[in-house]
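Chemist: Can you keep this structure in mind? I'll have questions shortly.
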Amino acid sequence: MDMITDILTGFVSQMQKPTLAFLIGGMALAAFGSKLEIPEPVYKFIVFLLLMKVGLGAGISVRAADIVELAVPAVAAALVGIAIVLFGGQTLARLRGVTQVDAMATAGLFGAVSASTLAASMAMLDEEGIAYEGFIGALYPFMDIAALVTAIVLARLSAERKAAANISGQPGGAAALTVGEGHGNSNAQMVRGILLDTFRSAAISALLLGLALGIFARPDSVYESFYDILFRGLLSILMLIMGMEAWARLSELRRVAHAYVAYGLLAPLVHGVFGFAAGLFVHQITGFSGGGVVLLAVMAASSSDISGPPTLRGALPEANPSSYVGTSTGLGTPVAILSIPLWIILADMFIGV
Amino acid sequence: MDMITDILTGFVSQMQKPTLAFLIGGMALAAFGSKLEIPEPVYKFIVFLLLMKVGLGAGISVRAADIVELAVPAVAAALVGIAIVLFGGQTLARLRGVTQVDAMATAGLFGAVSASTLAASMAMLDEEGIAYEGFIGALYPFMDIAALVTAIVLARLSAERKAAANISGQPGGAAALTVGEGHGNSNAQMVRGILLDTFRSAAISALLLGLALGIFARPDSVYESFYDILFRGLLSILMLIMGMEAWARLSELRRVAHAYVAYGLLAPLVHGVFGFAAGLFVHQITGFSGGGVVLLAVMAASSSDISGPPTLRGALPEANPSSYVGTSTGLGTPVAILSIPLWIILADMFIGV
Amino acid sequence: MDMITDILTGFVSQMQKPTLAFLIGGMALAAFGSKLEIPEPVYKFIVFLLLMKVGLGAGISVRAADIVELAVPAVAAALVGIAIVLFGGQTLARLRGVTQVDAMATAGLFGAVSASTLAASMAMLDEEGIAYEGFIGALYPFMDIAALVTAIVLARLSAERKAAANISGQPGGAAALTVGEGHGNSNAQMVRGILLDTFRSAAISALLLGLALGIFARPDSVYESFYDILFRGLLSILMLIMGMEAWARLSELRRVAHAYVAYGLLAPLVHGVFGFAAGLFVHQITGFSGGGVVLLAVMAASSSDISGPPTLRGALPEANPSSYVGTSTGLGTPVAILSIPLWIILADMFIGV
Amino acid sequence: MYQATKIVIITERTILDVVTKLIEQGGATGYTHVEAGGKGSRGVRSAIRPGISGVMANVKIEAIVRDKAKAEAIITSVSEAYFQNYSGIAYVEPVEILRPNKFEV
Amino acid sequence: MYQATKIVIITERTILDVVTKLIEQGGATGYTHVEAGGKGSRGVRSAIRPGISGVMANVKIEAIVRDKAKAEAIITSVSEAYFQNYSGIAYVEPVEILRPNKFEV
Amino acid sequence: MYQATKIVIITERTILDVVTKLIEQGGATGYTHVEAGGKGSRGVRSAIRPGISGVMANVKIEAIVRDKAKAEAIITSVSEAYFQNYSGIAYVEPVEILRPNKFEV
Ligand SMILES: Nc1ncnc2c1ncn2[C@@H]1O[C@H](COP(=O)(O)O)[C@@H](O)[C@H]1O
Ligand SMILES: Nc1ncnc2c1ncn2[C@@H]1O[C@H](COP(=O)(O)O)[C@@H](O)[C@H]1O
Ligand SMILES: Nc1ncnc2c1ncn2[C@@H]1O[C@H](COP(=O)(O)O)[C@@H](O)[C@H]1O
Ligand code: NA
Ligand code: NA
Ligand code: NA
């Protein structure tokens, strides 16, 4: 009885945290049919500022980090991204009403990383005074790119296999110019093309720019006096936006199989466990902090909602965006954000934070 | 002679206050034909941030306030909103060239509240170090919604009465889908529909969201480190925008009766007196502060220019937007903002601030 | 050998300064084909805020400045603007593939001032702790307007002379409504019209508004708590934008004569010397600071990329925007920004900073 | 190629939702809209400076319908329902389409 | 339904005001414009990335006039006045309108 | 005035670049595009609220070509290449132009 009260009290106090409260507020507004909207140019800019903040902060820390300390979690992040895609793609494709390519696209987004979710978890750790490696932001592209590339490559290979089996092919498919450049015939060329598209996407470019400036320039003063100061406030607005957006995208799910709803609700938790386990492993090897383990779990749990969808829309035209955008933005992101406290509690239990 | 010099000096020093100076600067720019423009997405966002600031601040204070202290001014605010509409609608409708529905729409906007004017008065009180109840922002929706709903209901009832008298009615009117939802046949349904539309409007939603977050979550840290810090600067830009906007909307008044010009210039002062009197009354009962009295007077004096017009355009299609937007945004808002110092002086004379 | 190492080290450390690093980062992103974009409404707003900051800061200082101290550099700034146009127009018009009107338009932009470059140089002086007169921002319109008006008037007079010689004229030219108002027949009217257009342009209006508010109102508190605080951070983003923009506009130069490339690369340095010399002269007369000399050199070196092009497009329709926009935004601005350290070094050598 | 009719309605941004509802009720399988500014009997309106309240913005709505009579019925109903109180114009144009079944309910 | 003619002019955003003045002088009772991007003989132009100065933005302007001769006169005058120095194209299309008096001066 | 054909393609914003490439390959000398929203068989799409990822935005692309056969060939090729996987419609309209050589390659 007491425990239930405890859990409930704990839950309510978690939901009162500004980050989670703004997310829930956004969903409530949208559900109520409010006409409030944050204009598109504004949220694009907020996302850019947060990514620059994460990138610059990571870049500044990378300068001082040693190579092993960095390389081990980076490899772990990439492997987690790949594992999520393999596991998620397999699982989803088996479910009723889900095509192979839609399964891969959806798993690709869930393997990739959500900037808003990562930023939210950093803010929550800061708030609780839990330390984490400053360079963590640098792990984002490893997991994100590994997941997207794996998903696209596997989906294309499977489509080619199917097309080879079924010689007639789709009419007109041959006439289409491939969206994006550099997609050649050989597999190596294909991977190069996908990589290029991914690196050029708005979110990855902003993050890498911040990283590069953090490493090679001396942006410390402007980082502290501007990007870091505005971080919390801008994040509160982004949470509101993600809440409204989640509600708007949920409606896409009415057009697709029920399997996506189940996946969207459960996958963040399962993937978070993948990330958490990888984090514990890195902790063993390099002394990675408890906060670092939390952030790796959150990255794994999160699903891309800004940069991933257009990359997939270009690379896998046959995949239905209603499925993957609805599942990721409509369910994956709010579930991942709301479950951040879970990873903090687990990390505290396993290794102390 | 001395007194005139005193008044002139006082006037000049008031106009030098950043808030008023930016407003006048905006009008001057527009009058000069400047091509400077603050992009629409930016001012939408600024208005949103200011409303969130007002709402969050009020919500945080509401937590600690007692119910009577809150309820009395809330009821007063609603009554003032209704009184302004009744009084203003009567007055305007008697003037030459003003139809019944245009009178009601215009009085509705003047009964409602302008977020920019309210924010400007809070900034001026802060600047002068005059205290006011933290929960004042929570009174905004009471006055705003009471006024808009009263105006729309009265205008519709009078139109129905006229239509019943004049059976033939307007051709095609029957075919029109009502703008907004939930407007049924019975009066109760009508009021519900109007209320829903009002609550869903961008400004009221933002304010209520801020209030709810302030009351139920713990946004104090982000409120102080972001919303409150940016408040003064963003307000200076909003004043500039309101100045340019006022000038642009003045031209609408060339198309409508002279009566609107007189109303736009005088109504803010008369309505302010209504609000001021109500404030004094609340002061007697609950010990409401002098700053609170000023803010109630300013809310009454102000006229809605962001959220009210689209609500009226949807609910009262026969009303001419040139009349009510021109009168409110073109004249009402600048007059209300420029007369803020008046209420401060009066409050100081009557009860000390 | 040592000196070369010194110079290289110095160069690398200059490029690491946040301002320059963000500029280079922007160029790199665009060159790489990144899809990152800062939305148009956002950069319009950033430019507005920086111009307000420069204007307000200058206005606040002007209050305390004496008239000679102000008038001498203002006249110098205007003369430098005119000298650049005369010199640049002559030089360019002699080169192969450059028409008279294109030469004048291009020289006009280079005589005018770039808000982003001026803001960058102020930030760099602040960073190094080098003092400069607070009113310097007030010199901007003198140089800017003098240069644009000179260029437009000269180009029009030369076109009229040509038209008089070659009576047949251009077909249809007579039917065109002149873009902008107030362009009459007599030369005085023409100059009035051009001046009006220039004063109404977004950048000059914003700067003059800031100046006027700084002089006549009391915006000191909001200046310090908002405009000044956000300055460095917003500038870093503007530098990124200018870098991406420079890369995008470079492609315009493929359509025009090679002469523009040479001019775009060299003119900022030559014009900077004009400004520097004028600054030294003012230093002799009024004791103008070393920092002030740097800023005068930078204004001269810079070329307008926001406000100047639309003014020229309206006033000189026959000039090819690919030439002047490509040369100024594509080459002039990055070269001028990257050479700011040069003027600091020179000022230190000549008079100490 | 198949004959079809394009309806165009230019009106106030605030009534986009109700106008498109009428278009769909009239039998169109879809519609497209773009933000617009303009000038007509009720003065200048602008997509970029729609006034701080937005009531001064226009929208241009287009719908392709197979049947010309249907097209005319739609613009007549929109016109009767809204153009007495709201700014707006409406017209139709002949077009040719590739996939006729896409535009039939 | 009544016959009328739609004028379409696609040109540089910076000359919107003067072009619409010519359209009104030519006898149109109104016009509608939308922000546009595009590509033609003078290269790529964009509504979303119009360059930091805005001189690289396009606008698409439409006006309905009753009389085809008037329509042709308007696009001829715009074309002669501006298309030597500014980017732009112009064309006309037949349309059918409901309320002919709305489009007559 | 000279006869010409206007192609109109309304499709997903993300494939603007590849569609305009096909249009140019088909022999058009230029094109114009505007941001759009709309509704069709694949649900509601919006220019102002294109979703945080932007994949829910539409674009309307127009190109004038002299030759009607060319116009039909272009929309057929776009339709075959993209409309199986992407939202979109395409149609052509007759127009009259002033300067025929401007639209010939
Ligand atoms: N002759 C016209 N040609 C094109 N658009 C027009 C015309 N007349 C009106 N419009 C458009 O329709 C809107 C409403 O017109 P009105 O109801 O006459 O004010 C205007 O703002 C214009 O966008
Ligand atoms: N063939 C065409 N079809 C449609 N729009 C065109 C065409 N040619 C040019 N345009 C538009 O007109 C603008 C100016 O064209 P231009 O003067 O040829 O550079 C372009 O930016 C396009 O928006
Ligand atoms: N009947 C129609 N009339 C006008 N536009 C349409 C129509 N059907 C579809 N569209 C537009 O084409 C887009 C894609 O349509 P769809 O592929 O049917 O989802 C929609 O979002 C609309 O913008
Ligand atoms: Na993930
Ligand atoms: Na009021
Ligand atoms: Na210069």
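The values are calculated or read from the model by the stated rules, or taken from the named source; none is laboratory data. In this text the structure is predicted, and so the values were computed from the model without any measurement. Neighbour counts are summed over all protein chains in view; Cβ atoms, including those assigned to glycine, are modelled from backbone coordinates with ideal geometry.
Chemist: Select, from A:224, A:181, the only residue that is at pLDDT below 90 and among the acidic types (Asp, Glu).
Modeler: A:181
Each row is one residue, and each column tells you yes or no for (1) of a type in the set (Val, Ile, Thr); (2) more than 16 Å from ligand 4 (Cβ to nearest atom); (3) surrounded by 23 or more Cβ atoms within 10 Å (Cβ to Cβ).
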{"position": "D:26", "(1), (2), (3)": "no, yes, no"}
{"position": "D:29", "(1), (2), (3)": "yes, yes, no"}
{"position": "D:35", "(1), (2), (3)": "no, yes, no"}
{"position": "D:56", "(1), (2), (3)": "no, yes, yes"}
{"position": "D:80", "(1), (2), (3)": "no, yes, no"}
{"position": "D:85", "(1), (2), (3)": "no, yes, no"}
{"position": "D:99", "(1), (2), (3)": "no, yes, no"}
{"position": "D:102", "(1), (2), (3)": "no, yes, no"}
{"position": "D:105", "(1), (2), (3)": "yes, yes, no"}
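Chemist: Now for a separate question. Answer with yes or no whether residue B:84 is surrounded by fewer than 24 Cβ atoms within 10 Å (Cβ to Cβ) and hydrophobic (A, V, I, L, M, F, W, C). Break it down stepwise before answering.
Modeler: Values: surrounded by fewer than 24 Cβ atoms within 10 Å (Cβ to Cβ): no; hydrophobic (A, V, I, L, M, F, W, C): yes.
No.
Chemist: Out of curiosity, is residue A:79 more than 16 Å from ligand 5 (Cβ to nearest atom), farther than 18 Å from residue A:201 by Cβ, crowded, with 24+ Cβ neighbours inside 10 Å and of a type outside the set (Val, Ile, Thr)? Show your work before the answer.
Modeler: On the way: more than 16 Å from ligand 5 (Cβ to nearest atom): yes; farther than 18 Å from residue A:201 by Cβ: yes; crowded, with 24+ Cβ neighbours inside 10 Å: no; of a type outside the set (Val, Ile, Thr): yes.
Here the answer is no, as residue A:79 does not meet what is asked.
Chemist: While we're looking at this one, here's another question. So is residue A:98 under 17 Å from residue A:50 (Cβ atoms) and not in a helix (DSSP H, G or I) or not? Give the steps one after another, and end with the answer.
Modeler: Numbers: under 17 Å from residue A:50 (Cβ atoms): no; not in a helix (DSSP H, G or I): yes.
The answer is no for residue A:98.
Chemist: With the requirement that a residue be of a type in the set (A, V, I, L, M) and closer than 21 Å to residue F:59 by Cα, what does segment D:60-91 give you?
Modeler: D:61, D:63, D:64, D:65, listed by residue number.
Chemist: From A:319, A:315, A:248, grab the single residue that is surrounded by fewer than 24 Cβ atoms within 10 Å (Cβ to Cβ) and within 14 Å of another protein chain (Cβ to nearest Cβ).
Modeler: Going through A:319, A:315, A:248 in turn, just one is surrounded by fewer than 24 Cβ atoms within 10 Å (Cβ to Cβ) and within 14 Å of another protein chain (Cβ to nearest Cβ): A:248.
Chemist: Out of the residues in segment C:18-33 that are more than 13 Å from residue C:246 (Cα to Cα) and surrounded by fewer than 21 Cβ atoms within 10 Å (Cβ to Cβ), state the one that is nearest to the other protein chains (Cβ to nearest Cβ).
Modeler: In this case the residue turns out to be C:33.
Chemist: To continue, here is another question. Is there a residue being in contact with a helix residue (DSSP H, G or I) (Cβ under 9 Å, 6 or more places away or on another chain) and within 30 Å of residue A:51 (Cβ to Cβ) anywhere in segment C:69-82?
Modeler: Within segment C:69-82, none of the residues are in contact with a helix residue (DSSP H, G or I) (Cβ under 9 Å, 6 or more places away or on another chain) and within 30 Å of residue A:51 (Cβ to Cβ).
Chemist: Ok, one more. Quickly run through segment D:17-55 and pick out the residues that are away from ligand 3 (no atom under 16 Å from the Cβ), out of contact with any Leu (no Cβ under 9 Å at 6 or more places or on another chain), among the hydrophobic types (A, V, I, L, M, F, W, C) and away from chain E (no Cβ under 14 Å).
Modeler: D:52
Chemist: Within segment A:269-288, work out how many residues are outside any helix (DSSP H, G or I) and surrounded by fewer than 23 Cβ atoms within 10 Å (Cβ to Cβ). Show your work before the answer.
Modeler: Taking segment A:269-288 as the starting set, the residues that turn out to be outside any helix (DSSP H, G or I) are A:287-288.
Okay, now just the ones that are also surrounded by fewer than 23 Cβ atoms within 10 Å (Cβ to Cβ), so A:287.
Matching residues across segment A:269-288 total 1.
Chemist: What tally of residues in segment D:17-59 results from selecting those that are assigned to a loop (DSSP other than H, G, I, E, B), among the polar types (S, T, N, Q) and within 10 Å of ligand 1 (Cβ to nearest atom)? Outline the logic, then answer.
Modeler: Filtering segment D:17-59 for residues assigned to a loop (DSSP other than H, G, I, E, B) gives D:26-30, D:41-42, D:46-57.
After this cut, where a residue has to be among the polar types (S, T, N, Q) as well, the list is D:29, D:41, D:46, D:53.
This time we only want the ones that are within 10 Å of ligand 1 (Cβ to nearest atom), so: D:41, D:46.
Counting residues in segment D:17-59 that are assigned to a loop (DSSP other than H, G, I, E, B), among the polar types (S, T, N, Q) and within 10 Å of ligand 1 (Cβ to nearest atom) gives 2.
Chemist: Then there's this: Could you please tell me which pairs satisfy a Cβ distance under 7 Å, a separation of 6+ or placement on different chains, a first residue in segment A:99-123 that is within 12 Å of chain F (Cβ to nearest Cβ), and a second residue that is outside any helix (DSSP H, G or I) and near ligand 4 (Cβ under 8 Å from one of its atoms)?
Modeler: Hits for this filter: A:109/A:303; A:109/A:304; A:112/A:303; A:112/A:304; A:114/A:302; A:114/A:303; A:114/A:304.
Chemist: Is it the case that residue A:236 is within 14 Å of chain B (Cβ to nearest Cβ), under 20 Å from the mean Cα position of the chain (by Cα) and farther than 29 Å from residue C:24 by Cβ?
Modeler: yes
Chemist: If you don't mind, another one. Considering only residues of segment F:60-70 that are among the aliphatic types (A, V, I, L, M) and crowded, with 22+ Cβ neighbours inside 10 Å, which is farthest from ligand 1 (Cβ to nearest atom)?
Modeler: The qualifying residue farthest from ligand 1 (Cβ to nearest atom) is F:65.
Chemist: Condition first: in contact with a Ser or Thr (Cβ under 8 Å, 6 or more places away or on another chain) and buried (at least 22 other Cβ atoms within 10 Å of the Cβ). Now tell me which residues in segment B:210-232 satisfy that.
Modeler: Of everything in segment B:210-232, those that are in contact with a Ser or Thr (Cβ under 8 Å, 6 or more places away or on another chain) and buried (at least 22 other Cβ atoms within 10 Å of the Cβ) turn out to be B:214, B:219, B:222, B:226.
Chemist: If you check B:70, B:50, B:79, which single one turns out to be assigned to a helix (DSSP H, G or I), more than 10 Å from chain C (Cβ to nearest Cβ), closer than 28 Å to residue D:50 by Cα and of a type in the set (A, V, I, L, M)?
Modeler: Answer to the selection: B:50.
Chemist: Which residues, counting only those in segment E:77-105, are of a type outside the set (A, V, I, L, M) and over 30 Å from residue E:45 (Cα atoms)?
Modeler: Those that are of a type outside the set (A, V, I, L, M) and over 30 Å from residue E:45 (Cα atoms): E:96, E:99, E:100, E:101, E:102, E:103, E:104.
Chemist: If I go through segment F:75-104 residue by residue, how many of them are hydrophobic (A, V, I, L, M, F, W, C), at the interface with another protein chain (Cβ under 7 Å from one of its Cβ atoms) and assigned to a helix (DSSP H, G or I)?
Modeler: 2
Chemist: Right, something else. What tally of residues in segment F:1-13 results from selecting those that are under 13 Å from the mean Cα position of the chain (by Cα) and either at the interface with another protein chain (Cβ under 7 Å from one of its Cβ atoms) or more than 28 Å from residue D:16 (Cα to Cα) (or both)?
Modeler: Total satisfying the criteria: 2.
Chemist: Can you give me the ranges of the helices (runs of 4 or more DSSP H) entirely in segment A:289-332 with at least 3 residues that are within 14 Å of ligand 4 (Cβ to nearest atom), under 17 Å from the mean Cα position of the chain (by Cα) and closer than 15 Å to residue A:274 by Cβ?
Modeler: Of the helices (runs of 4 or more DSSP H) lying wholly inside segment A:289-332, those with at least 3 residues that are within 14 Å of ligand 4 (Cβ to nearest atom), under 17 Å from the mean Cα position of the chain (by Cα) and closer than 15 Å to residue A:274 by Cβ span A:290-301.
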